[in-house]
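Read the structure below first, then the notes.
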Amino acid sequence: MSGGDWPPSGRGAALSPQGGEIGARGEAGVVLGGVRRRVCLTLGALAEIETGLAVEGLAAAAERMKALSARDLMVVLAAVLRGGGETLDVAGVEPREAARAVAAAFEAAAR
């Protein structure tokens with residue numbers, strides 16, 4: 001999905017300029033590089049995070065995520081973007097935007 005067809009038809013409500021919750025399935029809207037994107041912490045994203053961080057289980061992933069390296073942050077961001085149906089090369093994303101997007105995905109999943 002590109003940033004131009006937002007919100008996707010039949011899913012969620014429109015985003016505020018700062019992003020926000022967009023769906024009933026734990027999705028969140030974020031802005032990365034000036035483009036609105038959707039992030040979602042799906043089961044697949046969790047499995048991808050475990051693999052990318054080389055940990056076993058959610059408890060180990062949670063412990064590892066307390067102090068993420070830049071590479072770790074890219075792994076987690078890419079996973080939650082894919083969980084939201086997005087494709088984006090995360091290497092050019094600003095670290096602060098990446099951290100906010102990851103936090104938004106986890107906050108939406110907790111609702």
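The values are calculated or read from the model by the stated rules, or taken from the named source; none is laboratory data. Since this is a predicted model, take the numbers as computed values, not measurements. Cβ sites come from the backbone with ideal geometry, for glycine too, and all protein chains shown count toward neighbours.
General remarks:
- Test result for Glu86, closer than 14 Å to Leu41 by Cα and outside any helix (DSSP H, G or I): yes
- Residues in region 54-75 that are in a loop (DSSP other than H, G, I, E, B) and surrounded by 16 or more Cβ atoms within 10 Å (Cβ to Cβ) were compared, and the one that is nearest to the chain's Cα centre (by Cα) is Leu68.
- Near pairs, Cβ below 6 angstrom, 6+ apart or cross-chain, from region 54-70 (farther than 13 Å from Val102 by Cα) to any residue that is modelled with pLDDT under 95 and basic (Lys, Arg): Val55/Arg64
- Subset of region 5-57 that is closer than 21 Å to Ala110 by Cβ and among the polar types (S, T, N, Q) - its residue that is modelled with the highest pLDDT: Thr42
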